[in-house]
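Each remark here refers to the structure printed beneath this line.
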Amino acid sequence: MNGRRERVAVFGAGRVGLVTAACLAEVGHTVVCIDRDTDKIDRLRGGETPIYEPGLEPLIRRNEQAGRLAFTVEAREAVGRSDVVIVAVGTPPLATGDVDLAQVWEVADCLAESIDAPKWIAVKSTVPVGTCRKLEERLRASVGPDVPVYVVSNPEFLREGSAIDDTFGADRVVVGCAEPEAGERIRQLYEPFGVPVFLTDRESAELIKYAANAFLAMKISFINEIANICEKVGADVESVAKGIGMDRRIGPHFLRAGIGYGGSCFPKDTTAQLRFAENVDYEFRILRAVVEVNRLQRLRFVDKIETALGGVARKRIALLGLTFKPDTDDLRDSPALDIANELVRRGASVCAFDPVAYRSAAALVPGAETTGDLKRALAGADAVVVATEWEVVRALDLAAARSLVRTPIIIDGRNVWEPRSVAAAGWRYVSVGRPEAGAASAVEGRTSGG
């Protein structure tokens, strides 16, 4: 490693904290990850990674064995031994839509008790504009004028399922600071990654995170609106998306029609941005429409299922996927959960498959059966509904699956397959924003006698 080797303390052993800690250790920094959850820290010390993120577990183990990465609940000691502190704790939504900063202020109290030497504090947690300034004022008032404390905004832009690649191959690292020397210290921290670092003021950096997520959510809701129009006029949304995405001013990313966005970031951050727009007396009309379109897209999809089946009452439905996206165990605000629960409410019998999260999802879809066995979910199904495009779903042998179901019809909320190939395998295929393929009415693929 070229340049300064830092001693870093990372508050928060969630996805952002663990990925950040492991990646910083990988490039040569000495990192300790702090969490108040004793059970989580014990599991990490015992070789178990408490979240599912591809590539994370071997990265943690390699750097732990090399002596560059450690885990602790003893925050005061860890802070005392570190020069740079990264705040990566959760900022969940309150019932009002405001951001709950309780964990951030808990870290602030801990830092105020622990700091006795200069510290550079980088806030990765997604926080409202002005939070970093308030945190710095609070810490400086606590530790006094003789101990320099610098707080910078350093928002994360990690996608679940590809967080490690997103760290080492980031489009940019954003650093917002009030003093240039503080920004330079954090810039040097990321220098080994070899990615662009954008230096700006703290308020702009805090807003960049919200603005980026709002814009991406807008693209998703926009293409879903286009898909809904495509269904009415006989156009193909994938052709439309490709045609507009070839325009360099628009680009091809986030133009996949489907059942809408979910997860821990887009729903929370769009709602929070609406709320703090209200707090500064501004009506963010376009973002409000984005959120509403996303909410309705889930219900429209259930209506699509009901129309395709002529009603869902007493129908057995194989729902494929429960997490909000593939390659993660995150169920937060997953469209699949709302779809499962609404199908149950309308009288369907739902067997939901997920290769990773089927156990943790069970309590969130109480009226449905959950399983990690794909064949079990398909067995005797009156319809197959795709809600999350896991690779095991993409790789499904459609000809073999046809022999397992009662009625060969797929209603695909993620546009996983090319319609003609599904029809050629003997299925009726209903997707989002594309013409239906296959028989107008599905034939029984399996009799009750097998």
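The table that follows gives values for the structure above.
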read-out	value
Helices (runs of 4 or more DSSP H) wholly inside the range 136-239 containing at least 3 residues that are out of contact with any helix residue (DSSP H, G or I) (no Cβ under 9 Å at 6 or more places or on another chain) and closer than 24 Å to Phe254 by Cβ	202-233
Exclusive hit being surrounded by 18 or more Cβ atoms within 10 Å (Cβ to Cβ), modelled with pLDDT of 95 or more and part of a helix (DSSP H, G or I), set Leu296, Leu255, Leu274	Leu274
So Val237, is it farther than 28 Å from Ser264 by Cα, β-branched (Val, Ile, Thr) and in the same structural domain as Glu436 (by TED's automatic domain parsing)	no
Which listed residue, of Ala13, Ala25, is buried (at least 16 other Cβ atoms within 10 Å of the Cβ), touching a Cys at 6+ places or on another chain (Cβ under 7 Å) and in the same structural domain as Lys124 (by TED's automatic domain parsing)	Ala13
Sole exception among (1) in contact (Cβ under 8 Å) with a residue 60 or more places away in the chain; (2) surrounded by 20 or more Cβ atoms within 10 Å (Cβ to Cβ); (3) of a type outside the set (Ser, Thr, Tyr); (4) not in a helix (DSSP H, G or I) for Leu59, by number	(4)
The one condition in (1) of a type in the set (Val, Ile, Thr); (2) surrounded by fewer than 17 Cβ atoms within 10 Å (Cβ to Cβ); (3) at pLDDT below 95 that Thr38 fails to fulfil	(3)
Where a residue in the range 294-308 is more than 17 Å from Val350 (Cβ to Cβ) and its partner, wherever it lies, is aliphatic (A, V, I, L, M) and modelled with pLDDT of 95 or more, with Cβ under 8 Å and at least six apart	Asn294/Ala217; Asn294/Ile220; Gln297/Ile259
Single residue of the range 128-182 satisfying the filter (of a type in the set (Gly, Ala, Ser) and under 26 Å from Leu59 (Cβ atoms)) that is farthest from the chain's Cα centre (by Cα)	Ser153
Residues (within 18 Å of Gln65 (Cα to Cα) and part of a strand (DSSP E or B)) located in the range 10-33	Thr30, Val31, Val32, Cys33
Residue list for the range 76-91, filter: out of contact with any helix residue (DSSP H, G or I) (no Cβ under 7 Å at 6 or more places or on another chain) and in a loop (DSSP other than H, G, I, E, B)	Arg81, Ser82, Asp83
Residue tally, condition aromatic (Phe, Trp, Tyr) and touching a residue at least 40 places away in the same chain (Cβ under 8 Å), over the range 207-221	1
First in the range 348-377 and not assigned by TED's automatic domain parsing to the domain that holds Lys315, second anywhere and surrounded by fewer than 18 Cβ atoms within 10 Å (Cβ to Cβ) and acidic (Asp, Glu), Cβ under 8 Å, 6 or more apart	none
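Here is a yes/no grid of residues against (1) surrounded by fewer than 17 Cβ atoms within 10 Å (Cβ to Cβ); (2) modelled with pLDDT under 95; (3) more than 23 Å from Val31 (Cβ to Cβ); (4) outside the structural domain of Asp330 (by TED's automatic domain parsing):
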| position | (1), (2), (3), (4) |
| --- | --- |
| Pro148 | yes, no, no, yes |
| Arg159 | yes, yes, no, yes |
| Ala182 | no, no, no, yes |
| Gln188 | yes, no, no, yes |
| Lys209 | no, no, no, no |
| Phe215 | yes, no, yes, no |
| Ile223 | no, no, yes, no |
| Glu231 | no, no, yes, no |
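The values are calculated or read from the model by the stated rules, or taken from the named source; none is laboratory data. Keep in mind the model is a prediction, meaning the values are calculated, not measured. Glycine also receives a Cβ, built like all others from the backbone with ideal geometry; neighbour counts cover every protein chain displayed.
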